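Participant: Take a look at this one; I'll ask things after.
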Amino acid sequence: MKIALIGYGKMGKAIEEIALAKGHEIILKIDASNAQDFTKENVQKANVAIEFTGPHSAYENISKCIEWGVPVVSGSTGWLENWEKVKTLCEQKEGCLIYASNYSIGVNLFFEINKQVAALIEPYEQYDVSMTETHHTEKKDAPSGTAISLAEQILAQISRKNKWVNTASANSNDLVITSERIDPAPGTHTVSYQSPIDSIEITHTAHTRKGFASGALLAAEFANQKKGIFTMKDVLGL
């Protein structure tokens with residue numbers, strides 16, 4: 001499979017290492033130093049594009065790949081205010097898009113656990129819920145896309161919470177997400193349920209970026225020659 005890497009930072013390099021080991025070919029690597037090479041002609045040489053950039057460039061990058069007829073796997077976060085526009089474009093162009101806030105297989109299993117725990121806790125109002133997420137200092141967005149996904153799952157299950165906030169709050173209807181940025185920290189997400197008599201916590205901790213990179217490559221293999229909009233639930237058959 002021929003892969004275009006749109007974004008060649010730490011994640012891009014981790015994906016490259018695993019892709020080459022599996023016999024795939026990296027035919028294009030785009031970062032800030034060679035943005036001029038991000039052209040229709042170059043991208044269309046790939047079977048699939050894997051896009052890990054930043055919140056300010058992701059929407060444009062994804063849109064171009066769809067416009068040019070190349071399946072795209074995106075792990076960029078912080079751009080979802082443009083989700084409906086990307087979804088409409090993908091449907092109009094009969095393209096292929098896989099988006100996940102986190103491509104780690106373990107995190108996607110954690111998502112399923114999170115939903116089940118929240119559903120079990122819902123009837124017991126003595127339990128308050130909060131979240132903490134910790135990442136490296138280079139991460140540009142807060143809270144993380146993974147934390148937002150976890151929060152939205154909780155809000156869908158626990159009716160006494162109305163919205164998530166990324167700051168301290170005295171409103172009991174707010175789901176508080178605390179963001180910490182320290183090095184080195186590939187990523188830790190904890191959901192805490194506290195009552196006057198006990199506590200329940202579920203935590204996922206990433207030890208390296210390889211879990212994210214392996215999942216993104218698995219998604220790229222899934223996307224090759226497909227049409228439609230998919231998530232990691234589709235890729236993993238969850």
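Participant: With both bridge residues required to lie in region 105-205, what share of the DSSP beta bridges run antiparallel, to the nearest 5%?
Facilitator: 65 percent
Participant: Still on this structure: Could you tell me what % of all Cα pairs in the chain have separations over 22 Å?
Facilitator: For the chain, the fraction of Cα-Cα distances above 22 Å is 54 percent.
Participant: Under 5 Å between amide hydrogens, which residues at least 5 positions from GLY228 or on another chain qualify, with H placed 1.01 Å from N in the peptide plane?
Facilitator: GLY95, CYS96, LEU97
Participant: Give me ILE200, ILE62, ILE158, ILE182 sorted ascending by neighbouring Cβ count inside 10 Å, so fewest comes first.
Facilitator: Fewest-to-most ranking of ILE200, ILE62, ILE158, ILE182: ILE182, ILE200, ILE158, ILE62.
Participant: Which whole-percent values make up P(r) of region 1-85 when all C-alpha to C-alpha distances are grouped in 10 Å steps starting at zero?
Facilitator: 19, 55, 25, 2
Participant: Hey, if you put +1 on the Cβ of every Lys and Arg and -1 on every Asp and Glu Cβ in the chain, which of ASN114, ASN173, LEU89 ends up farthest toward the positive end of that dipole?
Facilitator: Value computed over the given set: LEU89.
Participant: Using only alpha-carbon positions, what ratio does the radius of gyration of region 105-205 give when scaled by 2.2 N^0.38 Å?
Facilitator: Normalised by 2.2 N^0.38 Å, the Cα Rg of region 105-205 equals 1.03.
Participant: Would you please name the GluC sites (Glu not before Pro) within region 9-94 that are DSSP coil residues with at most 11 other C-beta atoms within 10 Å of their C-beta? Each step should come with its number before you reach the end.
Facilitator: Working: sites: GLU16, GLU17, GLU25, GLU41, GLU51, GLU60, GLU67, GLU81, GLU84, GLU91, GLU94; in loops: GLU94.
Filter output for region 9-94: GLU94.
Participant: Taking only DSSP H segments of four or more residues, each worth -39500 (n - 2.57), what value at 222 nm results for the chain once the sum is divided by all its residues, to the nearest 500 deg cm²/dmol?
Facilitator: Rounded to the nearest 500, it is -11000 deg cm²/dmol.
Participant: About its Cα centre, how strong a charge dipole does region 105-205 have in debye, to the nearest 20, once Lys and Arg get +1 and Asp and Glu get -1 at the Cβ?
Facilitator: 200 debye
Participant: Can you give me the orientation-averaged projected area of the convex hull built on the Cα atoms of region 185-238, in nm²?
Facilitator: 5.6 nm²
Participant: Rounded to the nearest 5, what % of the DSSP beta bridges within the chain are antiparallel ones?
Facilitator: Looking only at bridges with both residues in the chain, the antiparallel portion is about 35 percent.
Participant: Could you work out how far helix 83-93 tilts from the main Cα principal axis of the chain, as a 0 to 90 degree angle to the nearest 10?
Facilitator: So the inclination is approximately 40 degrees.
Participant: How would you rank HIS56, HIS24, going from fewest to most other Cβ atoms within 10 Å of each one's own Cβ?
Facilitator: Least crowded to most crowded, the residues run HIS56, HIS24.
Participant: Next up: What is the order of LEU217, LEU155, fewest Cβ neighbours within 10 Å to most?
Facilitator: LEU155, LEU217
None of the figures in this text is laboratory data; all of them are computed from the coordinates on show. Because the structure is a prediction, the values reported are computed rather than measured. So basically every Cβ, Gly included, is an ideal-geometry build from the backbone, and we count neighbours across all protein chains shown.
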